[in-house]
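The values are calculated or read from the model by the stated rules, or taken from the named source; none is laboratory data. Keep in mind that this is a model prediction, so the values were computed, not measured. Glycine gets a Cβ as well: all are built from the backbone with ideal geometry, and neighbour counts include every protein chain shown.
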Amino acid sequence: MNPIPIILITGYLGSGKTTLLNHLLSLPEIKTKNIALIINEFGTLGVDGALVESGDFAKFELNKGSLFCICIKTDFIKTLENITNEVRPELVIIEATGVAETSDLQDFLTVPTLLNRFFIQANICLADAKNLIKVLPFLKAAKSQIVWADGIIINKSDLVSKKELEDIQQLVKTLNPEAPVEITSYGKISHEFVNNIRHRQLSGTSIESPPEALFSLSFQNLNPIEHEKFLSLLNIYKENILRLKGIINFENEPLFVEVIHGKYLEKSLKETKNLRVGFSVIAWKTDKEKLKNAIESLW
Amino acid sequence: MTGKERVLKAMRCEKVDRIPWVPFVGCHGASLINETASDYLQSEELMIKGLNEAIKLYQPDGVSVMFDLQIEAEVLGCNLIWADQNPPAVSSHPLELGVELSSLQVPSATDGRIGLTIDVIKAMRELHRDIALYGLITGPFTLALHLVGTNLFMKMFDDPNYIHDLMRFCTDVSLAMSNYFIEAGADIIAVVDPMTSQIGPDDFKNFVSPYATEIFENIHSKKSLGSFFVCGHAQQNIEAMSDCKPDNISVDENIALDYVQDVCLKKGVSFGGNLQLTATLLLGSEEDVQRNAIHCLDTGGEQGFILAPGCDLPFATPPNNLQVVTKVVIDPYQREVIRTMELNDETKELLDMSEYGLMEKVIVDVITLDSESCAPCQYMVESVKAVAPEFEGIVEWREHKIKKAESLTFMTSLMVRNIPTICIDGKISFVSRIPPRDELLKAIQKRINEKLKLRIQKKTGSVFILGSGCESCDKVKENVEKALQELGTDIPVEIVSDESKFHELGISKTPAVVVEKREVKSMGTIPSVDVIKEWVKDI
């Protein structure tokens, strides 16, 4: 029996995986095939599952919301065994959870009962242009999904500025210089893009190699700081601070401040629900300790 | 030393007589009593039955009572999807659906399945005073994720204060749950926080450490012990975890045990793990499991280590695979055997044993580690040595020490898996058990009888009457036939009248009778020269 190809779709919750899946299912080159779908999104049962348009394919939902990788693994293996024995599709499409490690999913395919039954044709990662940078420093899987991808789709590009999109592209390239990148909205990509993706067999260690491209800092100091000093610090680090958000106790009054890729915004607290002082920063291309010390010296 | 003492001592990094073994029986208990996970995890009666069965089968030093990280979430308004072969999964997150954090209440001891869990702990405490009981609570970060969904990670940037408020609430839940379980009789509180594997050490220190530390300090104030469970790729946080003052850290196969050992022991924290759940315990052979267990035991060592699966045992784990772990834990010789076999792993070529045991004599093989260094092996060899002379040369015995490569090949060729083992004519007869003298005598005698029967059955022949057709020849023929008839056999009788044949058979005067005996020595095989030599000697 020839091994069955798998298209793996990864990406953080809300990055548009289901939209991409529906789009893929509508492409004539894919639509005509005998397909099995595996859907596994953390705790969104009845959402993702129901959102997938109906069609002539077998659909499997994994033990959704299970937090133990081991339960997922057992279910995943069982589902794939089931697929080989009963469905025998020409293609399997897997929509992975946003917290799944791509390397784990690939490892699962090496158990004796599945060995040589499947191969990964393409492992596509969706990056949500609007939220990627906010999630990346916190969620390990968000980063490793990009690092392991064979092809990357930067989705929801219509929702961000040109500068933001450039930063994201650059960041994605830093994390994964090999994978072709497509910029789109609504998950609309050509079959050609999918077809031209070549799977790269990575080893477990490659995940460690990319430099820490991005980091986050958070500050909860209630003491007042000088407005001018703060703005001049932002200016010094304008190429480094991608995002900043929170409430700062300036000498005159506390204000809500936000930086989005070079764009600075400040609001009076009357306009915001959150009233506690403290802010978070996401930055890159500089030393974490250096920036931390610079910010702390404001107090 | 009781199992409970052993676990508690290991938890505190004190000396133990052997490494304690704690199989985490959650929904696997359901499969042991042919129930579904959903029925099981909602019934006090079934859980007690399943746990008792597990204790009977696996002789553990400690067990987890309930392994379900959805209990708190269920009470707090998360919807659950139940499964037949898995713990339930959370399918909705109340805080994402508009419920206010401030409206959530710390659950009481009777809410949802908390009361049920408390009752199971009480019942198990009553039934098994000598086994350590683990009460499992959902770690605060994992509970936070249940309540708010994966948005949690984005909120760490957007609204870190909210995440701290949420962690505060989840910690209050964890404190209450620990207190309920300690009062019910749990010896150890396991704070199970798998989702912390998703974040890095800086965020762990910021969002998890202060809360986890508070939970372990509370456990200590109640004179109880605390273990920090994590699964998945959490290596980056082990150091930070060990700073939260747990007594023990338990990990799964995704983290190297020696790494955890290095970090933990330095800080006086014990550690546990990390039998491979799916690839080995669920899908592997007994040999795979034994090797994995030995590897864990050898890495973990005698100080501050508890052997356990990395997480909740898969529902359908074959009980045999867990029983062999018990054997390896309890029996030091079993461990040495597996280590030795592993060393000689390259001897993969097996001998053809199909002709083995067909010689005249009965061969008794004793397969040992080495009768000089392994006491059970020594007793087994002595028992054989003592009975062999009774058979006055019919029985020959040999010892095969598997430390030698050829003996190991011999052992695997005979499909022997345990040490010591007695094989009689290549057939496994006594495994890891010294047979009483009478039993051994009987077993060998049985084989001798079998062989005799076989030999008789295999023998065929003919009677030739040599003569040139004279009257006396007819008389001889008549007598032969009469004799055969009286004996009730149907040996063919043949008249040979060709004079040239007389000379071939060494006959110079007729009438003569020649009896030919034939014995089948092999069929459908190519016997080796050595084997044929043995046959020829018989002639």
*Which of (1) away from chain A (no Cβ under 14 Å); (2) over 22 Å from B:Thr171 (Cα atoms) is the odd one out, the single condition B:Thr117 does not satisfy?*
(2)
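Do we find that A:Ser185 is surrounded by 14 or more Cβ atoms within 10 Å (Cβ to Cβ), of a type in the set (Ser, Thr, Tyr), modelled with pLDDT of 90 or more and outside any helix (DSSP H, G or I) in this structure?
Numbers: surrounded by 14 or more Cβ atoms within 10 Å (Cβ to Cβ): yes; of a type in the set (Ser, Thr, Tyr): yes; modelled with pLDDT of 90 or more: no; outside any helix (DSSP H, G or I): yes.
Spelling it out, it is not the case that A:Ser185 is surrounded by 14 or more Cβ atoms within 10 Å (Cβ to Cβ), of a type in the set (Ser, Thr, Tyr), modelled with pLDDT of 90 or more and outside any helix (DSSP H, G or I).
What residue, of B:Gly50, B:Gly62, B:Gly26, is within 14 Å of chain A (Cβ to nearest Cβ), touching a Leu at 6+ places or on another chain (Cβ under 8 Å) and within 30 Å of B:Gly304 (Cα to Cα)? Even if it seems obvious, please write down each step before you answer.
Numbers: B:Gly50 fails: within 14 Å of chain A (Cβ to nearest Cβ); B:Gly62 fails: within 14 Å of chain A (Cβ to nearest Cβ).
Result: B:Gly26 is the single residue among B:Gly50, B:Gly62, B:Gly26 that is within 14 Å of chain A (Cβ to nearest Cβ), touching a Leu at 6+ places or on another chain (Cβ under 8 Å) and within 30 Å of B:Gly304 (Cα to Cα).
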_For the condition over 30 Å from B:Gln334 (Cβ atoms) and in contact with an Asp or Glu (Cβ under 8 Å, 6 or more places away or on another chain), what is the one hit in B:Ser508, B:Ser500, B:Ser468, B:Ser472?_
B:Ser468
*Candidate set: segment A:188-220, residues that are within 14 Å of another protein chain (Cβ to nearest Cβ) and at pLDDT 85 or above; chosen: the one surrounded by the fewest Cβ atoms within 10 Å (Cβ to Cβ)*: A:Gln220
*Taking segment A:257-299, which residues are of a type outside the set (Val, Ile, Thr) and within 12 Å of chain B (Cβ to nearest Cβ)?*
A:Glu258, A:Lys273, A:Asn274, A:Leu275, A:Arg276, A:Gly278, A:Phe279, A:Ser280, A:Ala283, A:Lys288, A:Glu289, A:Lys292
*Could you check B:Asn237 against (1) touching a strand residue (DSSP E or B) at 6+ places or on another chain (Cβ under 8 Å); (2) within 14 Å of chain A (Cβ to nearest Cβ) and say which number it fails?*
(1)
_Among the residues of segment B:367-393, what is the count of those that are within 20 Å of B:Lys451 (Cβ to Cβ) and either basic (Lys, Arg) or surrounded by 14 or more Cβ atoms within 10 Å (Cβ to Cβ) (or both)?_
4
*Where a residue in segment A:228-251 is over 17 Å from A:Leu217 (Cβ atoms) and more than 14 Å from chain B (Cβ to nearest Cβ) and its partner, wherever it lies, is part of a loop (DSSP other than H, G, I, E, B) and among the polar types (S, T, N, Q), with Cβ under 7 Å and at least six apart*: none
_I'd like to check something: does segment A:134-149 contain any residue that is within 18 Å of A:Asp107 (Cα to Cα), surrounded by 22 or more Cβ atoms within 10 Å (Cβ to Cβ), away from every other protein chain (no Cβ under 14 Å) and touching a Cys at 6+ places or on another chain (Cβ under 7 Å)?_
yes
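Could you please give the count of residues in segment A:75-104 that are of a type in the set (Val, Ile, Thr) and facing chain B (nearest Cβ under 10 Å)? Show your work before the answer.
Our first condition is that a residue be of a type in the set (Val, Ile, Thr); within segment A:75-104, this holds for A:77, A:79, A:83-84, A:87, A:92-94, A:97, A:99, A:102.
Retained after the next criterion (residues that are facing chain B (nearest Cβ under 10 Å)): A:77, A:97, A:99.
Of the residues in that region, 3 qualify.
Select from segment B:201-217 the residues that are farther than 19 Å from B:Leu166 by Cα and modelled with pLDDT of 95 or more and list them in ascending order. Let's see the steps before the verdict.
Just the residues of segment B:201-217 that are farther than 19 Å from B:Leu166 by Cα, to begin with: B:201, B:217.
Selection gives B:Glu217 alone.
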*Which one is surrounded by the fewest Cβ atoms within 10 Å (Cβ to Cβ), of the residues in segment B:137-172 that are at the interface with chain A (Cβ under 7 Å from one of its Cβ atoms) and of a type in the set (D, E, K, R)?*
B:Asp158
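Tell me yes or no: at least one residue of segment B:286-306 is at the interface with chain A (Cβ under 10 Å from one of its Cβ atoms) and on the phi < 0 side of the Ramachandran plot. Please lay out each step first, then the result.
Our first condition is that a residue be at the interface with chain A (Cβ under 10 Å from one of its Cβ atoms); within segment B:286-306, this holds for none.
So far as segment B:286-306 goes, no, none of its residues is at the interface with chain A (Cβ under 10 Å from one of its Cβ atoms) and on the phi < 0 side of the Ramachandran plot.
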_Which numbered condition in (1) surrounded by 21 or more Cβ atoms within 10 Å (Cβ to Cβ); (2) among the small types (Gly, Ala, Ser); (3) away from chain A (no Cβ under 12 Å) is the only one that B:Ala176 fails?_
(1)
*With a cut-off of at least 1 residues that are under 26 Å from B:Ala234 (Cα atoms) and polar (S, T, N, Q), name the strands (runs of 3 or more DSSP E) lying wholly within segment A:80-170.*
A:118-128
*Can you name every residue in segment B:138-166 that is under 23 Å from A:Gly11 (Cβ atoms) and in contact with a Lys or Arg (Cβ under 9 Å, 6 or more places away or on another chain)?*
B:Val148, B:Phe153, B:Met154, B:Met156, B:Phe157, B:Asp158, B:Asp159, B:Ile163
*Could you look through segment B:78-114, keep only residues that are of a type in the set (Gly, Ala, Ser) and within 12 Å of chain A (Cβ to nearest Cβ), and pick out the one that is farthest from B:Ser31 (Cα to Cα)?*
B:Ser92
*Got a number for residues in segment B:259-286 being within 14 Å of B:Asn248 (Cα to Cα), touching a helix residue (DSSP H, G or I) at 6+ places or on another chain (Cβ under 8 Å) and aliphatic (A, V, I, L, M)?*
3
*Where residues in segment B:307-332 are touching a residue at least 40 places away in the same chain (Cβ under 8 Å) and aliphatic (A, V, I, L, M), which of them is farthest from the other protein chains (Cβ to nearest Cβ)?*
B:Ile330
*asked:* So, in segment B:5-22, how many residues would count as being outside any loop (DSSP other than H, G, I, E, B) and in contact with a Gly (Cβ under 7 Å, 6 or more places away or on another chain)?
replied: 2
*Which residue pairs have Cβ atoms under 6 Å apart, sit 6 or more places apart or on different chains, and have a first residue in segment B:434-451 that is buried (at least 17 other Cβ atoms within 10 Å of the Cβ) and a second that is acidic (Asp, Glu)?*
B:Arg447/B:Asp425
*asked:* Please return the ranges of strands (runs of 3 or more DSSP E) entirely within segment B:418-500 where 1 or more residues are of a type in the set (D, E, K, R).
replied: B:427-431, B:459-466, B:493-496
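Kindly indicate whether A:Leu255 is crowded, with 16+ Cβ neighbours inside 10 Å and more than 17 Å from A:Leu132 (Cα to Cα). Working first, answer last.
Numbers: crowded, with 16+ Cβ neighbours inside 10 Å: yes; more than 17 Å from A:Leu132 (Cα to Cα): yes.
Spelling it out, A:Leu255 is indeed crowded, with 16+ Cβ neighbours inside 10 Å and more than 17 Å from A:Leu132 (Cα to Cα).
Scan segment B:496-519 for residues that are β-branched (Val, Ile, Thr) and in contact with a Leu (Cβ under 8 Å, 6 or more places away or on another chain) and jot them down. Give the derivation first.
First, pick out the residues of segment B:496-519 that are β-branched (Val, Ile, Thr): B:496, B:507, B:510, B:513-515.
If the condition is that a residue be β-branched (Val, Ile, Thr) and in contact with a Leu (Cβ under 8 Å, 6 or more places away or on another chain), then B:Val496, B:Ile507, B:Thr510, B:Val513, B:Val514 are the ones that fit.
Give me the helices (runs of 4 or more DSSP H) completely within segment B:204-283, filtered to those with at least 2 residues that are within 22 Å of B:Val329 (Cβ to Cβ) and among the aliphatic types (A, V, I, L, M), ordered by residue number.
B:257-266
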*Output for segment B:240-253, where each listed residue is under 19 Å from B:Ile137 (Cα atoms) and more than 14 Å from chain A (Cβ to nearest Cβ)*: B:Met241, B:Ser242, B:Cys244, B:Lys245, B:Pro246, B:Asp247, B:Asn248, B:Ile249
*Where residues in segment A:102-129 are at pLDDT 85 or above and touching a Gly at 6+ places or on another chain (Cβ under 9 Å), which of them is surrounded by the fewest Cβ atoms within 10 Å (Cβ to Cβ)?*
A:Ala122
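Considering only segment B:301-311, how many residues are under 22 Å from B:Asp193 (Cβ atoms) and modelled with pLDDT of 90 or more?
At the first step, the residues of segment B:301-311 found to be under 22 Å from B:Asp193 (Cβ atoms) are B:304-311.
Adding the requirement that they be modelled with pLDDT of 90 or more leaves B:304-309.
Here the count works out to 6.
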